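Engineer: Sharing a structure here in structure tokens format.
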Amino acid sequence: MRVLVADDATLFREGLARVLADAGFTVAGQAADGDELLALARDDPPDVAVLDIRMPPTHTTEGLETARRLRAAHPGVGVLVLSAYVEVHYALQLVTDAPRASGYLLKDRVADLRDLTEAVRRVGEGGLVIDPAIVAQLVGRSRTRSPIDELSEREREVLGLMAEGRSNAAIGERLHLSPKTVEAHVRGIFTRLGLLPAADDNRRVLAVLAHLRM
Amino acid sequence: MRDVKRTAAVVALALVAGLANVVLLAVGGYERSGPTLLLLAIATLAVGWSFVGAGLAARRSRPEPAVGWLMVAVGLAWFLRGIGFVRSPAAFTLVSAVGDLDQALLAHLLVVFPSGRIASGLQRAVVVLGYVLLVPGSVALLLAWDPAAAGCATCPANLLLQPGLAGYGPDAAGLLNAATLVLVALVAGVVALRWRGASPPLRRALAPVAVVGAVLLLFFAAQQGLALLGRSAAPADLALGEVSGSVLLLLWPVGFLVGLTRLRLDRSRVGALAIELGGGEDGATPERVQQALGRALHDPSVRLAYWLADREGYVDVDGRPVALPDTHEVTLLRRDGEPFAALLHDPALADQPELVDAAVATARLSLDNERLQAELRAQLAQVRASRARLVEFADAERRRVERNLHDGAQQRLLTALLGLRRARACLDSSPAAAALDEAGEQLTLALDELRDLARGLHPAILSNAGLAPALDELVRRSPVPATLDAAPGPRLPAPVEETAYFVVSEALANVARHAGAATVAVSAVVRDGGLHVEVADDGAGGADPAGGSGLRGLADRVAALDGALAVDSPPGGGTRVTASLPLDPAR
């Protein structure tokens, strides 16, 4: 899987590139800002672009803008945006803008190389990835009188993993549950929340996120 | 004291002269019936004393003592005519020479009324002509005038008559009469001219005098007309004419007094001006001062202009630059010798400098006051602006520190974490690997803390995405279940957004710490040109608005933006923190 990495912090970027290379990805290039990344992608589109949300020139949300332009030019390229902050607003904006092959990950995830590489891979495969910290805020947040309050502990765990963009299989693996149990939980959750069963994993993520966002 | 003595002297003189007139009338030698004698005595005293009395009264109405003294002089001169009650050539000659002095004084009075000042060459000429005609002129006439030849059989002899000149008598008398008519016409003309150029208050003073003058002119014209028609008067008619003429002369002092009183009433309007300017609820605004001056001066065209030293020019009450026009008289208001304002008024008011000065002096107090207030307001505005700048500066500083943390320490820690994890990946389970794991955990904790610190300094999402998303994040992190009512709208001024954010942040933190609330509702709406944020919980209430440096600091912050922060926390009734922030603070 070919990856481009963009971050204006050189050391971090190179460390990230090395980690990804160690994990078996082909790092096809590194960019210090969005324009450089777009130039690299134009010459040779990667499978996934991993980019910092804050880059020159304004150090605000260049990453999101670059993601938008990148997808407009190369719809097949997956985009994983890294951020130092837990920003629900941007995370949701990112995946609703492009409900496939995109993700929002906290930079701290580099603490767990497995989390990081798995996220890159899932995005490369066309999936959606939402950082657990974002999901925690969405699920754990205590809006008054939410149907989420009526979910069981286990159901809430399943809901969170769904919101992170994980498949039933991944959820089962993570929670040590049989696929049938996971399916039963998912059905139960959808019924409780009044959601319609979704056709694929990405739509399921979006439906769950949309519900959580309310 | 001097004034009292002078008044006493005048009164004594008038009494003596009046009584002497009565005595002379009674014993002078002319034959008069009892009732005529009585009427004539009363009329004589009434005219003389009323002039003197009116003069003394008028003299008190500063600042025109000259007018009062002239009236006194007319009254005293009037009694000179009593010399004529003595039937002797000497008395006859004397009264013929100086008896008309009162008329010269009256002409003088008419010309200078009410200010007492001679204001033009024409006026001076008329006054001088009066004195010359009526005293030296009369003396000159006496040299040639033979009463017997003129048809006055009962007249005593003219002691000054020079037989050689007697032939010119009738011509000289005609000439003097004609000159006297011209004098009357000139006085009337001068008064008419003054009327034309007079300000409304002056006209109000002149009007009664002009009316009296017109009545007297008509009366004497009628008398002359009758004489011309050949109706020779019988002796009884003559006495009656004398009496009725005197009665009409009584109108003069009345007219003068009424005129002066009106003038004084106008000046008392200045007192009303002071009360008006002092008593307004909304203070003496320049516009109100201008209007009040217009009313006090009977001049609706009165305009105020303020001198602005930094612009080196005048501005009107609305702050628009004005040039001092030629069409208006300008009275400068000075403070410490420097003009600070100008009063533009009708040039006719120049004949009332005292009135203008009094009005201006009164208005100056208000204007000074207003000016001090304006300076205070300006200083307050400056302090406010600098306070707001301090807030903006502090915010900018927080943004800078947050960015430095993000780009510096956070990135370095992340890079270190990456390196650590890569190193760890190379190791299997070993004491070194465990140490690396622990170091990694510590680094992750440090990153968490650093992230919270950076967000507390300045939430990046606030400046990047706006208030509603930033509040959304706050509400999501609130330990107490919170709802948010904030429609994402257009971006607001950065200081307003940041202040609102910190108000909600601090209030939510307080709810979590103290309130024991089950839920908290956050709202932020833009309404009436302001942002209104509210954080209301259903907790225990009873929070002390003054307590807690957090909210107090926020109150200062809110005030720096001309906003208001309120904490409503009845015991048992929950706590409601509201902040209203104008979007366009008046700077």
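Engineer: Build a GNM of chain A with springs between Cα atoms under 10 Å: which of A:GLY194, A:GLY127, A:GLY76 gets the top mean-square fluctuation?
Structural biologist: Maximum fluctuation in the GNM of chain A, among the listed residues, is at A:GLY194.
Engineer: Based on the alpha-carbon gyration tensor of the range B:459-506, what equivalent-ellipsoid semi-axes (square roots of 5 times the eigenvalues) come out, in whole Å, largest first? Mind dumping the intermediate values first?
Structural biologist: Details: eigenvalues 61, 25, 17 Å².
Taking √(5λ) for each eigenvalue gives 17, 11, 9 Å, largest first.
Engineer: Only four residue types carry charge here, +1 at the Cβ of Lys and Arg and -1 at the Cβ of Asp and Glu. Report the dipole size of chain B about the Cα centre in Debye, rounded to the nearest 20. Before the final figure, lay out the partial values.
Structural biologist: Details: 52 positive and 57 negative charges, 421 e Å.
Charge dipole of chain B: 2020 debye, to the nearest 20.
Engineer: Place a label point 7 angstrom from the Cα of B:ALA361 along the Cα-to-Cβ direction, then list the residues of the range B:328-343 whose backbone nitrogen is under 19 Å away.
Structural biologist: B:331-343
Engineer: Roughly what % of DSSP beta bridges within the protein assembly as shown run antiparallel, to the nearest 5? Don't jump to the answer; show the numbers that get you there.
Structural biologist: Numbers: 37 of 63 bridges.
Expressed as a percentage, antiparallel bridges in the protein assembly as shown total about 60.
Engineer: For the range A:158-214, state what percent of all Cα-Cα pairs lands in each successive 5 Å bin, counting from 0 Å until the bin that includes the largest distance.
Structural biologist: 4, 22, 33, 27, 11, 2, 0
Engineer: Can you compute the modelled spin-label distance between B:VAL215 and B:ALA178, with each label point 7 Å from Cα toward Cβ, in nm?
Structural biologist: 3.3
Engineer: Now for a different question. Taking only the C-alpha atoms, wrap a convex hull around the range A:98-214 and report its volume per residue in Å³ as a whole number.
Structural biologist: Values: hull volume 12.1 nm³, N = 117.
Each residue corresponds to 104 Å³ of Cα convex hull volume.
Engineer: Let me ask something else. When all alpha-carbon pairs of the range A:1-60 are counted, what percent fall beyond 20 Å?
Structural biologist: Values: 330 of 1770 pairs.
Distances greater than 20 Å cover 19 percent of the Cα pairs.
Engineer: Would you mind calculating the gained length between B:GLU438 and B:SER301 on full extension (0.36 nm times residue separation, minus the Cα-Cα distance), in nm to one decimal? Each step should come with its number before you reach the end.
Structural biologist: Values: separation 137, 0.36 × 137 = 49.32 nm, distance 8.90 nm.
Working it through step by step, the gained length comes to 40.4 nm.
Engineer: Ignoring everything except DSSP H segments at least 4 long, calculate the 222 nm mean residue ellipticity for chain B; use -39,500 (n - 2.57) per segment, divide by total residues, nearest 500.
Structural biologist: Working: 19 runs with 367 residues, N = 587.
The per-residue figure over chain B is -21500 deg cm²/dmol.
Engineer: Let me have the relative contact order for the range B:6-105, percent, based on Cα pairs under 8 Å that are six or more residues apart. Let's see the in-between values first.
Structural biologist: Working: 123 pairs, mean separation 29.7, N = 100.
Computed over the range B:6-105, the figure is 30 percent.
Engineer: Okay, helix-only estimate at 222 nm for chain A: each DSSP H run of n ≥ 4 adds -39500 (n - 2.57), divide by all residues, round to 500 deg cm²/dmol; what do you get?
Structural biologist: Details: 10 runs with 114 residues, N = 214.
Computed ellipticity for chain A at 222 nm equals -16500 deg cm²/dmol.
Engineer: Name the cysteines of chain B that stand alone by the Cβ rule: no other cysteine Cβ under 4.7 angstrom.
Structural biologist: B:CYS426
Engineer: Label points 7 Å out from Cα along the Cβ direction at A:ARG69 and B:LEU380: separation in nm?
Structural biologist: Placing both labels 7 Å along Cα→Cβ, they lie 5.1 nm apart.
Engineer: Using a Gaussian network model of chain A whose springs link C-alpha atoms within less than 10 Å, name the residue from A:VAL86, A:VAL50, A:VAL77 with the highest mean-square fluctuation.
Structural biologist: Looking only at A:VAL86, A:VAL50, A:VAL77, the largest GNM fluctuation is found for A:VAL86.
Engineer: A follow-up question, please. Starting from the exponent 0.38 and prefactor 2.2 Å, build the expected Rg for the protein assembly as shown from its residue count and divide its actual Cα Rg by it. Spell out each step's value before the answer.
Structural biologist: Working: Rg = 52.7 Å, N = 801, 2.2 N^0.38 = 27.9 Å.
Output field value: 1.89.
Engineer: Something else: So how do B:301-311, A:93-103, B:50-60 stack up, highest first, on mean other-Cβ count within 10 Å? Walk me through the intermediate numbers first.
Structural biologist: Values: B:301-311: 16.5, A:93-103: 20.0, B:50-60: 22.0.
Sorting B:301-311, A:93-103, B:50-60 by mean packing, highest first, produces B:50-60, A:93-103, B:301-311.
Engineer: So for chain B, what percent of the C-alpha to C-alpha distances run longer than 47 Å? Could you put the intermediate results ahead of the total?
Structural biologist: Working: 88790 of 171991 pairs.
Of the Cα pairs, 52 percent sit more than 47 Å apart.
Engineer: Using Cβ counts within 10 Å as a stand-in for footprinting exposure, how do A:LYS107, A:LYS180 rank, fewest first? Please list the in-between numbers first.
Structural biologist: Details: A:LYS107 26, A:LYS180 10.
Ranking A:LYS107, A:LYS180 by Cβ neighbours within 10 Å, fewest first, gives A:LYS180, A:LYS107.
Engineer: Also: Testing the spin-label approximation: label points 7 Å from Cα along Cα→Cβ at B:ALA166 and B:PHE393. State their distance in nm.
Structural biologist: Placing both labels 7 Å beyond Cα along the Cβ direction yields 11.0 nm.
Engineer: With the Cα gyration tensor of the range B:96-230 in hand, give its eigenvalues times 5 under a square root as the equivalent ellipsoid semi-axes, listed largest first in whole angstrom.
Structural biologist: That gives 33, 17, 11 Å for the three semi-axes.
Engineer: Of B:VAL98, B:ALA566, B:VAL187, which is farthest on the positive side of the dipole of chain B, counting Cα position, with +1 on Lys and Arg Cβ, -1 on Asp and Glu Cβ, and the Cα centre as origin?
Structural biologist: My answer, from the dipole projection, is B:VAL98.
Engineer: While we're looking at this one, here's another question. For the range B:308-423, what are Rg and Dmax over the alpha carbons, in angstrom?
Structural biologist: 29.9, 103
Engineer: Now for a separate question. Placing unit charges on C-beta atoms (Lys and Arg positive, Asp and Glu negative, everything else neutral), compute the dipole magnitude of the range A:116-197 about its Cα centre in debye, rounded to 20.
Structural biologist: Values: 12 positive and 11 negative charges, 35 e Å.
I would put it at about 160 debye.
Engineer: What percent of all Cα-Cα pairs in chain A falls into each 5 Å bin, going from 0 up to the bin containing the maximum distance?
Structural biologist: Bin by bin from 0 Å, the calculated values are 1, 8, 16, 19, 19, 14, 10, 7, 4, 1, 0.
Engineer: Please report, in cubic angstrom per residue, the volume enclosed by the convex hull of the alpha-carbon atoms of the range B:408-523.
Structural biologist: Spread over its residues, the Cα hull of the range B:408-523 gives 137 Å³ apiece.
Engineer: May I ask for the percentage of alpha-carbon pairs in the range A:33-151 that lie more than 20 Å from each other?
Structural biologist: On the way: 2977 of 7021 pairs.
Roughly 42 percent, rounded to a whole number.
Engineer: I need the phi-derived Karplus couplings for the range B:441-447: 6.51 cos²θ - 1.76 cosθ + 1.60, θ = phi - 60°, integer Hz, Gly and Pro marked x.
Structural biologist: Per-residue couplings from phi come out as 5, 4, 4, 4, 4, 4, 5 Hz.
Engineer: Moving on. State the answer as a single residue: which of B:PRO147, B:VAL535, B:TYR501 lies farthest towards the positive end of the charge dipole of chain B, with beta carbon charges of +1 for Lys and Arg and -1 for Asp and Glu, about the Cα centre.
Structural biologist: B:PRO147
Engineer: Under a point-charge model restricted to the Cβ atoms of Lys and Arg (+1) and Asp and Glu (-1), what is the dipole moment magnitude of the range A:99-163 relative to its Cα centre, in debye to the nearest 20?
Structural biologist: Working: 11 positive and 11 negative charges, 45 e Å.
Rounded to the nearest 20 debye, it is 220 debye.
Engineer: Which residue, A:ALA199, A:GLY124, A:ALA84, has the largest displacement toward the positive end of the dipole of chain A when charges sit on each Cβ (Lys, Arg +1; Asp, Glu -1)?
Structural biologist: So the residue furthest toward the plus end is A:ALA199.
Engineer: Something else: Sorted by average packing, counted as other Cβ atoms within 10 angstrom per residue and highest first, what order do A:4-11, B:149-156, B:285-292 take?
Structural biologist: A:4-11, B:285-292, B:149-156
A short reminder: the numbers here are calculations on the coordinates, not readings from a lab. The shown structure was predicted, so the numbers you read here are calculated from the model rather than taken from an experiment. All Cβ positions, glycine included, derive from the backbone under ideal geometry; neighbour counts span all protein chains shown.
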